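These notes concern the structure reproduced below.
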Amino acid sequence: MKELPIIQKTYDLIKWYVPILNRLPRDHKFMLGDRIIKSLYGLLEKLIIARYLTEKLALLETLNSQLDLLRYQTRLLLDFELISRKRYQHVAKILTEIGRDLGGWIKQQRDKQSVQNARIDQKTPSYETPQKSVPSNRPF
């Protein structure tokens with residue numbers, strides 16, 4: 001089975017980013033560094049789980065906010081001068097690509113859900129009471 005690009009990008013980001021985060025100064029490593037690492041692993045786990053779910057939309061939408069948190073946490077590393085601008089730009093670029101892929105996946109799931117809802121609406125029988133015919137007083 002071929003990996004989804006979003007899963008591969010997240011995996012590659014973890015391989016590249018975690019060793020850098022593990023070298024942060026002690027006072028930042030155990031707070032910000034560990035939070036970012038846990039978020040990255042959580043993101044990868046949930047993306048893999050979402051791949052196999054039939055109802056993906058709710059999980060994907062929560063991942064979108066988790067990705068936004070990662071962006072802010074990474075920006076804090078830059079603001080605290082804990083990573084170079086070049087490394088920040090690299091991480092920001094990958095997070096943007098993951099976000100774009102995630103946004104596309106969310107859009108696909110919303111479109112799919114809309115189509116399914118439309119099909120259900122078409123198949124659902126109408127339970128309206130039939131109109132009774134009123135006899136007319138016209139001669140035949």
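FYI, it's all coordinate maths here, none of it is from the lab. Small disclaimer: the values here were computed from a predicted structure and weren't measured. Here Cβ is always computed from backbone atoms with ideal geometry, including for glycine, and neighbour counts include all displayed protein chains.
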**Message:** Against the empirical 2.2 N^0.38 Å scaling, what ratio does the C-alpha Rg of the chain come to?
**Reply:** 1.76
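At a Förster radius of 35 Å, what calculated FRET efficiency corresponds to the Cβ-Cβ distance of R26 and I106, to the nearest 0.05?
About 0.35, to the nearest 0.05.
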**Asked** Between their Cα atoms, which of K56/K107; K9/K93; K2/K93; K29/K93; K15/K38 are more than 19 Å away from each other?
**Response** K2/K93; K29/K93
**Prompt:** Put a dot 7 Å past each Cα toward the Cβ at K86 and Y11; how far apart are the dots in nm?
**Reply:** 2.8 nm
**Message:** Can you compute the helix-only [θ] at 222 nm over the chain? Use -39500 (n - 2.57) per DSSP H run of at least 4 residues, normalise by all residues, nearest 500 deg cm²/dmol.
**Reply:** -25000 deg cm²/dmol
